[in-house]
1. Might you report the magnitude of the Cβ-based charge dipole of the protein assembly as shown about its Cα centre, with Lys and Arg at +1 and Asp and Glu at -1, to the nearest 20 debye?
2. Please work out the Cα center distance from the stretch A:145-198 to the stretch B:58-85, rounded to the nearest Å.
3. Taking 2.2 N^0.38 Å as the expected size of a compact globular protein, what ratio does the Cα radius of gyration of chain A give against it, to two decimals?
4. If you average over every viewing direction, what projected area does the convex hull of the Cα atoms of the stretch A:291-402 give, in nm²?
5. Does the stretch A:452-504 come out rounded, prolate or oblate by the C-alpha gyration tensor, with a ≥ b ≥ c the root eigenvalues, rounded set by a/c under 1.5 and, if not, prolate when a/b is larger than b/c and oblate if not?
6. Rule-of-thumb check for the stretch A:274-489: C-alpha Rg over 2.2 N^0.38 Å?
7. Quick one: Kirkwood hydrodynamic radius for the stretch A:1-127, alpha-carbon pairs, angstrom, one decimal?
8. With the contact rule set at Cα under 8 Å and sequence spacing of 6 or more, what percent relative contact order holds for the stretch A:265-314?
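Just so it is clear, none of the values below were taken in a lab; they were calculated from the coordinates. A quick note: this is a predicted structure, and the numbers were derived from the prediction, not measured. Cβ coordinates were reconstructed from backbone atoms using ideal geometry, including for glycine residues, and neighbour counts include every protein chain displayed.
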Amino acid sequence: MNHAPIVPIVVPALAAALMLLGRNLPLQRSLGWLSTGLVAASALWMATLADDGWRAVYLAGNWAAPWGIVLVADRLSVLMVAITALLALVALAAAHGDWDARGEHFHPLFQIQLMGLNGAFLTGDVFNLFVFFEVLLIASYGLLVHGDGRDRIAAGVRFVTLNLVGSTLFLFAAGILYGVTGTLNMADLSVRVSTLDDAQSTLVRIGAWLLLAVFCLKAAILPLCFWLPSTYAAAGAPVAALFAVMTKVGVYSIVRVYTMVFGTDAGPLADAAFPWIVVPAAAGYALAMLGALAGGDLRRVTAMLVVASAGFLVIGAALRTEAALAATIYYLPHTTFAAAALFLVADLVGRARGRWGDRLVPGATPARPAVLGLLFLASAAAVAGLPPLGGFIGKAMLLGALLPAGAPAALPGAGWLWAVLLAGGLAALIALARAGIVMFWQGDEVGPGAASARDLLPALLCLGLVAAVAVGAAPLQRYAQAAAADLLQPQPLVDQVLRTVPRPGPHQPEPKSYR
Amino acid sequence: MELLMASGIGVLVGTGVFLLLRPRTFDALLGLTLLSYAVNLFLFSMGRLVAGRAPVVQAGVEGYADPLPQALVLTAIVISFAMTALLAVLALRAHAATGSDDADGGVAPGAAGAADRSAAGAEAGPRRDGPPRGGGEA
């Protein structure tokens, strides 16, 4: 059995435990780099395998599928792990030096966050998904308030309270699903959900909606998105950059559960989330763009754009066509890296403007505006989805998916979605252009310090990842299309999960007939 | 037993949600605790309510209690316990930093803002015990 699927979970867990043994910052740093590097290497290796059609079902503890917990490494989950690992390398580079010395235990919390994120992406079990959600959340609570400060603590209280409510709802949902179907394995659930009678399917529908509410809370979809801007704006730059992937956990869970368990084969439950969720997603996208126009500082504008990108991603998933889902999957790495880059640049600009910070009021301009200005321009262009970069390609893919080539008519509501997406793109452009004008061109003073090359490195790395998504557009697009096709036809995956047999153990000698 | 269980869970959820909607972190914390009790009972009952049955397969025994919800409840208890403790610590830190137990967070900086806030708070309802606020007002 290939043990690669468990590496992104076990390695950070071990690293975090080892770090707690010695409270030595240089040691913690090198362990952190080692572990994150290993995770990135294994994720990229699995991604190259998955590109050729490899798909692994890992039986944790060697128990067969409906009874034990399975990890599923398919195209989408491996891509998500790779995004997380690459982003974690950037965040670690940003934290190394100053940020991680501001309080204790930054590195163990960081590794646990990594473990929770990877576990949530890889697991094939609903309750295990809950556990990994909790793992990543409890680490994120620690990371959010790292470095202290009144705003962070206040934001932390709200964030923790809200997520505890979310966890409670998740447990109610898991309880209902288990009570009716007798299983929590996603593959097994997808088999049982299609055979329910009317009364049972009403109950399961309630469970599915509760679960959807939890995922929407994590992904920041419209009625449940108001926690995000103040939380992300309060977090430190390296943490905010890592948090850029946290809403994607919600998006991923929506995509995974509502294509696999409540997919088109789910009978009366096939419409549990898709396609109607396109309405709140599009409304959230529009509202977040208005919020970006009104944002008072660059970090808040960026956080609003993170909310908008979650809306965009869910729109693509909800349409349930291969082209639209491929657009979502292609756009996902781009928007994650771009938002992280903008958070890092906002921090750099804020420090360069001294007491004015990143507030959008005329004050000081940075001392060396050319370098920072170019960085800001590049990351703003990436977030707004301007042509040379992947955001443009992703948007074009989604807009194209709404008007399928050769089809007699556009999808219903395509006109509205076109209007919302294009107007939202314009709003993002205006918001970021205004921010750039105010911060770089308006002001009589010159800010205090100039950023050193070392300070610029993480943002440059992150922009390099953004550029890589654009340069590698063709292979990535192919990958996204294949992943979308896999998601829309979950039956082979379901069969593979349920038919994977455990390895013979030491007490149960291997059959001799093989040799 | 079903009626007792169902109404017990209902009462716990109702009081939990009510407390959660109040604007104080202390009340919200209590509400979350009650909600987590409710969800634990709920998970437990999702394995069907049986009494005096073994959860482990044995020869010659018929009728079992479902062991899986018990494992789920155990996990959920540990997690909600840790999370609630963390929230309590954070709420205390927030109280120390802002001088307010308001779930919406901070007090505006400066004594004037704090005085306004405490006046508004006095109208909203009785305060729980805590360090005196706005001591300099008089």
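1. Values: 38 positive and 36 negative charges, 154 e Å.
With Lys and Arg at +1 and Asp and Glu at -1, about 740 debye.
2. What the calculation gives is 17 Å, centre to centre.
3. Compactness ratio reported: 0.95.
4. 6.9
5. oblate
6. Details: Rg = 18.2 Å, N = 216, 2.2 N^0.38 = 17.0 Å.
Relative to the 2.2 N^0.38 Å estimate, the stretch A:274-489 comes out at 1.07.
7. Result for the stretch A:1-127, one decimal place: 15.0 Å.
8. Relative CO of the stretch A:265-314 lands at 40 percent.
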